[in-house]
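Enquirer: Here it is: the structure, laid out below.
No value in this document is a laboratory result; all are computed from the given coordinates. For clarity, every value in this text was computed on a predicted model and none was experimentally measured. Positions of Cβ are generated from backbone atoms using ideal geometry, with glycine treated the same way; all protein chains shown enter the neighbour counts.
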Amino acid sequence: MKSRNPVILTLAFFMCCGPLSVYAAMSGPAGQPASFDGAAASDDGSGSAGVEGLSQAYLSCQKSAGEKLLASDACMTSELKYQDARLNKTYKALLGVLKPESKKALVEAERSWLQSQSKDENFESTLYGDTQVENAQQLENKLFRLCARANALDKYLALAQL
């Protein structure tokens, strides 16, 4: 039997059922989110149910929002502000501990990341339509990209402080 592309299947499921349903469908045991390779993520003890970097407030907000798209959007908008502040705080702290040549490389990397974000958003605007559900998916994608970058900077900071 031919194996199917999980990204295409996820996109098809999203188009049918919405972003929160995709997230729920990707859940592992005991409601824990599955990783992209299909393995269940484990709880790291931070109260975030194994979703690295997302705030507990966001996870609770999404749980309360359920399938209400406007409520979910409000959760994501709030979390975007939190993740942006987290990223900026870590970026400034990282600049404070790096040697001059590393600072220059970080600034260049951050500029490239910002350009990549813009290009991803432009691409997604051509891929997705303009329905409320598709706009919510784009917002969620932006949130997850921002969180992933904040996580990366956290790791760089931990390494730089060794």
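Enquirer: Stretched out fully, how many nm does the piece from residue 112 to residue 60 gain, at 0.36 nm a residue minus the Cα gap?
Expert: Value of the extension gain: 15.4 nm.
Enquirer: I've got another one for you. With each pseudo-label sitting 7 Å past Cα toward Cβ, what's the residue 102-residue 135 distance in nm, one decimal?
Expert: In this crude label model, residue 102 to residue 135 measures out at 4.3 nm.
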